[in-house]
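J.: Can you read through this structure? Questions will come right after.
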Amino acid sequence: MRLSQILIATLREDPADAEIPSHRLLARGGYIVKIAAGVYTFAPLMWRVVRKFAQIVREELDRAGANEVMLPIIQPKELWVSSGRWDRYVTDGIMFTLKDRKGSEMCLGPTHEEVMTAYVNAQVNSYKQMPVNCYQIQDKFRDEIRPRFGLMRGREFIMMDAYSFDADVKGLDVAYQKMRDAYCRIFERCNLRYTIVQADSGAIGGAGSEEFMVVADSGEDSILFCEASGYAANVEKATSRLPDAPAGGEVRPMSKHGTPNVRTVAQLEQFFPGWQAGRMAKTVLYKATWKDKEAVVAVMMRGDLEINEVKLVNALDAMAVRLATDDEIKAATGADTGFAGPVGLSDKVRLLGDLSLQGRTNLLTGCNETGFHCLDVNPGRDCRMPEFKDLRLARAGEGCPVSGQPLQQARGIEVGHIFKLGTKYSSAMGATFMDQGGKPQPFVMGCYGIGVSRTPAAAVEQNHDDKGVVWPAPIAPFEVVVGMLDPKKDDQVKLAEQLYGELQQAGVDVCLDDRPMSPGAKFKDHELLGLPVQVFVGRRAAEGMVEFLIRKGLQKSELAVADVKGRVLAALGRS
RNA sequence: CGGGCCGUAGCGCAGUUUGGUAGCGCGACUGGUUUGGGACCAGUAGGUCGCGAGUUCAAAUCUCGCCGGCCCGACCA
């Protein structure tokens, strides 16, 4: 391919709205062009990158026995009602919806469990037809609350989504493991540094799930891990060994104390010398929303620890929670914010407590009276016993649940997510097959996603320098560029064409930069574009010498023409 | 949805406070000179100043409404 025939429009200045390296470099390199918030055009070079990555995904999924299909983007409301997800997705505002000319409601698919389940249900009637695993590489649409970071969080994006259908949990386990292995091969083939973490299964639901995280400072997810044990989890899901706190001792009588304007744990430590945060139970009020109702709930947490809202949502089986407002707190407790507690709490308010408080004695808590707190509160005696759940946010430095070593923290970009769904969707939608006993059974499903447009952006996060992108060769738009520095000089043109032909013959994905630009501009352009291997034919062409550049580290050397092919193949690891 | 801010040429921005001829850099185009680190000279084109209403002799500038976008937070397969 000749670059003079490809639309390449690099920018000289950084776009004003780009925050993170991948967004900045992809926009400046002309790889992506924004058309609306979170909606991008993929320029020719970027589309080559996406196609290369998609091809790797295809090869590995096909090898794992999955079938590629193409599902519709436009989906009828009824399908989503049948799985029970229409309301949640519409309430959350995450789904683009539209009406057809008859007024029937439709949506642009944010995910395809429903469509795929309906499809497979119509085709598969017997356990003999399974296992089945189908996938597609397709545009997805989500009206994200806050699109940002270029391709990282768009409102239209490309995703591979696969769905496995098995007759039983054993089959699902096999399908899941196959996909997990395929994912590892995919990300390894792209030379990405990634880690697999235990994850919350979120809106998709289901039993178990793991995320594939590309480690990068700009990642939106926080992960905790332990090198000693290999434990790694999204902070939403992570647990840790409970940090020590001073024991409460023998049960004592409760006492109530005036605490004017003392509202926070830190202020209480000041006000009651000797009462450390670990002996307090803070009570935080949340407004929780379910499909058909909403309510304020109270959550007790040891004073030195934090609440994990994702765990809280799961414990309540709610759609969402948020901190209650001052007015809602006053209405639920009768007291101003900062004085809520289990003592004297109305029976109407559901009370949860973190496991860290189970069995603890003589706590310091609020008592739902503005300006007062209680000492030596003993749940079960002085107040209701809360429903104990794991609601705690694990933090770096706390002990790994497996090894006890301090957990470390890193940022990650979620590029893949695999779930064991079980029968959640098949049961809801009545998707069944006949088992060996002739009885209808719901399909046991798994679902598996890879961010096909996000992964190349994540690759840029991991592979760039201050000059530009440094593409990993397997997903680079071209592996090699042969650049003629002066297209007016016959000897340069001739030699560049010769090398270009030779490399093509050798099976290298090579392009010829025959654009009429000054040498300096051409060098800068290629530093920004970031093709892995760059060969420049310049003023020493007549002597049969060219310049050879490895983009990673910008290592340059002069090379005789005869050695070019060998060096290129070696650089690409194909010698 | 809450808080902060922005919208002026393809891109990056000034001009708005204090109303009075719409500017700068980069890019683009033409001609010439250049050709190893985003060249130089000369010239040219390109703007309903986001949209609508209002105030005014006069609005990019003031007022109101709307739309779009960015950042922080909440949110997020």
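J.: Taking A:Ala315 as the residue in question, decide whether it is within 16 Å of RNA strand B (Cβ to nearest atom), of a type in the set (A, V, I, L, M) and open to solvent by less than 20 Å² (accessible area, probe 1.4 Å). Spell out how you get there, then give the answer.
T.: Working: within 16 Å of RNA strand B (Cβ to nearest atom): yes; of a type in the set (A, V, I, L, M): yes; open to solvent by less than 20 Å² (accessible area, probe 1.4 Å): no.
So A:Ala315 fails the test.
J.: Another question, if that's okay. If you scan the range A:305-330, which residues turn out to be of a type in the set (Asp, Glu) and under 14 Å from A:Glu294 (Cβ atoms)? Quick ask: steps written out before the conclusion?
T.: Just the residues of the range A:305-330 that are of a type in the set (Asp, Glu), to begin with: A:306, A:309, A:317, A:326-328.
A:Asp317, A:Glu328, listed by residue number.
J.: Follow-up. A:Gly404 passes all but one of (1) surrounded by 19 or more Cβ atoms within 10 Å (Cβ to Cβ); (2) in a loop (DSSP other than H, G, I, E, B); (3) in contact with a Lys or Arg (Cβ under 7 Å, 6 or more places away or on another chain); which number fails?
T.: In the conditions (1) surrounded by 19 or more Cβ atoms within 10 Å (Cβ to Cβ); (2) in a loop (DSSP other than H, G, I, E, B); (3) in contact with a Lys or Arg (Cβ under 7 Å, 6 or more places away or on another chain), A:Gly404 misses (1) alone.
J.: Across the range A:1-23, which residue is nearest to A:Thr455 (Cα to Cα) among those that are among the polar types (S, T, N, Q) and open to solvent by 30 Å² or more (accessible area, probe 1.4 Å)?
T.: Here is the first cut: in the range A:1-23, the ones among the polar types (S, T, N, Q) are A:4-5, A:10, A:22.
The next check asks that each one be open to solvent by 30 Å² or more (accessible area, probe 1.4 Å); those that pass are A:4-5, A:10.
Details: A:Ser4: 28, A:Gln5: 27, A:Thr10: 22 Å.
In this case the residue turns out to be A:Thr10.
J.: State which residue pairs qualify: first residue outside any loop (DSSP other than H, G, I, E, B) and inside the range A:416-439, second residue basic (Lys, Arg) and open to solvent by 50 Å² or more (accessible area, probe 1.4 Å) in any location, beta carbons under 8 Å apart, and separation of 6 or more residues or different chains.
T.: From the range A:416-439, the pairs are A:Ile418/A:Arg180.
Each row is one residue, and each column tells you yes or no for (1) under 30 Å from A:Met106 (Cα atoms); (2) in contact (Cβ under 8 Å) with a residue 24 or more places away in the chain; (3) among the β-branched types (Val, Ile, Thr).
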{"position": "A:Gln129", "(1), (2), (3)": "no, yes, no"}
{"position": "A:Gly154", "(1), (2), (3)": "yes, yes, no"}
{"position": "A:Phe157", "(1), (2), (3)": "yes, yes, no"}
{"position": "A:Ala167", "(1), (2), (3)": "no, yes, no"}
{"position": "A:Ala182", "(1), (2), (3)": "no, yes, no"}
{"position": "A:Asn191", "(1), (2), (3)": "no, yes, no"}
{"position": "A:Ser201", "(1), (2), (3)": "yes, yes, no"}
{"position": "A:Gly208", "(1), (2), (3)": "no, yes, no"}
{"position": "A:Val215", "(1), (2), (3)": "no, yes, yes"}
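J.: Residues that are within 11 Å of RNA strand B (Cβ to nearest atom) and open to solvent by 30 Å² or more (accessible area, probe 1.4 Å), at least 2 per element: which strands (runs of 3 or more DSSP E) completely within the range A:480-543 meet that? Let's see the steps before the verdict.
T.: Working: elements: A:480-484, A:510-513, A:533-537.
Fully inside the range A:480-543 and qualifying: nothing.
J.: Going through the range A:248-279 one residue at a time, which ones are of a type in the set (Val, Ile, Thr) and either out of contact with any strand residue (DSSP E or B) (no Cβ under 9 Å at 6 or more places or on another chain) or open to solvent by less than 80 Å² (accessible area, probe 1.4 Å) (or both)?
T.: If we filter the range A:248-279 for residues that are of a type in the set (Val, Ile, Thr), which is where we start, we get A:251, A:259, A:262, A:264-265.
A:Thr259, A:Val262, A:Thr264, A:Val265 - these are the residues of the range A:248-279 that are of a type in the set (Val, Ile, Thr) and either out of contact with any strand residue (DSSP E or B) (no Cβ under 9 Å at 6 or more places or on another chain) or open to solvent by less than 80 Å² (accessible area, probe 1.4 Å) (or both).
J.: Would you mind telling me which numbered condition in (1) part of a strand (DSSP E or B); (2) away from RNA strand B (no atom under 16 Å from the Cβ) A:Leu98 fails?
T.: Among (1) part of a strand (DSSP E or B); (2) away from RNA strand B (no atom under 16 Å from the Cβ), A:Leu98 violates only (2).
J.: Looking only at residues in the range A:24-45 that are under 19 Å from A:Glu156 (Cα atoms) and within 8 Å of RNA strand B (Cβ to nearest atom), which one is surrounded by the fewest Cβ atoms within 10 Å (Cβ to Cβ)?
T.: Among those that are under 19 Å from A:Glu156 (Cα atoms) and within 8 Å of RNA strand B (Cβ to nearest atom), it is A:Ala36.
J.: Then there is this: Return the pairs, sorted by first residue and then second, in which the second residue is surrounded by fewer than 24 Cβ atoms within 10 Å (Cβ to Cβ) and assigned to a strand (DSSP E or B), the first residue lies in the range A:358-377 and is assigned by TED's automatic domain parsing to the domain that holds A:Thr264 and of a type in the set (Phe, Trp, Tyr), the beta carbons are less than 9 Å apart, and the residues are 6+ apart or on different chains.
T.: From the range A:358-377, the pairs are A:Phe372/A:Lys256; A:Phe372/A:His257; A:Phe372/A:Gly258.
J.: Among the residues of the range A:78-95, write down those that are open to solvent by less than 60 Å² (accessible area, probe 1.4 Å), away from RNA strand B (no atom under 13 Å from the Cβ) and under 20 Å from A:Asp139 (Cα atoms).
T.: Residues satisfying the conditions are A:Leu79, A:Trp86.
J.: Collect the residues in the range A:372-401 that are outside any loop (DSSP other than H, G, I, E, B) and either of a type in the set (Phe, Trp, Tyr) or open to solvent by 60 Å² or more (accessible area, probe 1.4 Å) (or both), keeping them in residue-number order.
T.: Going residue by residue through the range A:372-401, those that are outside any loop (DSSP other than H, G, I, E, B) are A:372-377, A:379, A:383, A:387-389, A:392, A:399.
Scanning the range A:372-401 gives A:Phe372, A:Glu387, A:Phe388, A:Lys389.
J.: Would you check which residues across the range A:142-177 are within 11 Å of RNA strand B (Cβ to nearest atom) and open to solvent by less than 20 Å² (accessible area, probe 1.4 Å) and list them? Break it down into steps so the answer makes sense when it comes.
T.: Of the residues in the range A:142-177, the ones within 11 Å of RNA strand B (Cβ to nearest atom) are A:142-150, A:152-155, A:157-163.
Across the range A:142-177, the qualifying residues are A:Gly150, A:Met152, A:Gly154, A:Ile158, A:Met160, A:Asp161, A:Ala162, A:Tyr163.
The values are calculated or read from the model by the stated rules, or taken from the named source; none is laboratory data. None of the values given here were measured: they were computed from a predicted structure. Cβ coordinates were reconstructed from backbone atoms using ideal geometry, including for glycine residues, and neighbour counts include every protein chain displayed. With ligands, DNA and RNA removed, areas are computed over all heavy atoms of the protein, side chains included. Shrake-Rupley method; radii C 1.70, N 1.55, O 1.52, S 1.80 Å.
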